[in-house]
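Engineer: Let me begin by handing over the structure; questions about it come next.
Just so you know, all these numbers are worked out from the coordinates, no wet-lab data involved. Small disclaimer: the values here were computed from a predicted structure and weren't measured. Note that we place each Cβ from the backbone using ideal geometry, even for glycine, and neighbour counts take in every protein chain shown.
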Amino acid sequence: MRIIIINGPNLNMLGIREPEIYGRESYDDLVKYIERSAMEMGVEAECFQSNHEGELVTLIQRALGRADAIVINPAAYTHTSVAILDALKAVGLPAVEVHLSDVNAREEFRRVSYSSLACVAVVAGKGFAGYREAMELLLARGSDSRSSPAR
Ligand code: DQA
């Protein structure tokens, strides 16, 4: 199974940005963690990060035909981007939304998620381990079907 992992704006600043919320480990540490977890699970994972909404849309579109599933942390665009929601719907691949922090326990505006409307699950507040859980969920679902979001 091939999974594309897409990370949105400011996640390249991990380790520097608000360490009390996001921890002291860097984005490179996250990529290493994901690659190690994927190897242990027998999954092929490829990680991308962009600070630009349009690039995130392009990365989602490019996953079509190249991956079986998507793990996405759209970061701040989670709460604003209809374009990312539409891209996820357009490719129809099973996708899981991940957040390092517990978005439901923070500011009110972080409780809104457009992208989750096209995702089969959301994993939040588990730090790096959330990415592993997301890959496990997708692996358990198998690579045979298009997404069928719960809502
Ligand atoms: C985040 C949560 C978002 O609200 C925030 O804008 C981020 C990171 C997380 O991983 O906890 O940039 O997606």
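Engineer: Report the gain in length on full extension from D29 to F109: 0.36 nm times residue separation, minus Cα-Cα distance, nm rounded to one decimal.
Structural biologist: On the way: separation 80, 0.36 × 80 = 28.80 nm, distance 2.83 nm.
Gain on extension, D29 to F109, equals 26.0 nm.
Engineer: Give the dimensionless ratio obtained when the Cα radius of gyration of the chain is divided by 2.2 N^0.38 Å.
Structural biologist: On the way: Rg = 13.9 Å, N = 151, 2.2 N^0.38 = 14.8 Å.
Here the answer is 0.94, to two decimals.
Engineer: Give, in whole angstrom and from largest to smallest, the semi-axes √(5λ) of the equivalent ellipsoid of the stretch 73-118, with λ running over the eigenvalues of the Cα gyration tensor. Working shown, then result.
Structural biologist: Working: eigenvalues 76, 23, 10 Å².
Output for the stretch 73-118: semi-axes of 20, 11, 7 Å.
Engineer: Taking 0.36 nm per residue of separation and subtracting the Cα-Cα distance, what length does fully extending L137 through E18 add?
Structural biologist: Numbers: separation 119, 0.36 × 119 = 42.84 nm, distance 2.85 nm.
In short, 40.0 nm is gained.
Engineer: Can you list the residues, at least 5 places off or on another chain, whose amide H is less than 5 Å from the amide H of L14, using H built in the peptide plane?
Structural biologist: Y27
Engineer: Under a 5 Å amide H to amide H cut-off, with H placed in plane at 1.01 Å, what residues pair with I5 once short-range neighbours are removed?
Structural biologist: E46, C47, F48, V71
Engineer: Let me ask something else. Considering Cα pairs under 8 angstrom that are at least six residues apart, work out the relative contact order of the chain and quote it in whole percent. It would help to have the intermediate numbers written out before the result.
Structural biologist: Details: 291 pairs, mean separation 38.2, N = 151.
Once divided by the residue count of the chain, the mean separation gives 25 percent.
Engineer: Run through every distinct alpha carbon pair of the stretch 19-108 and return the Kirkwood hydrodynamic radius in angstroms, one decimal place. Don't skip to the end; give the middle numbers.
Structural biologist: On the way: mean 1/r = 0.0693 Å⁻¹.
Across the stretch 19-108, the inverse of the average 1/r is 14.4 Å.
Engineer: Using a 7 Å offset from the Cα along the Cα-to-Cβ direction at both D102 and A83, what is the distance between the two label points in nm, to one decimal?
Structural biologist: That separation, rounded to one decimal, is 3.3 nm.
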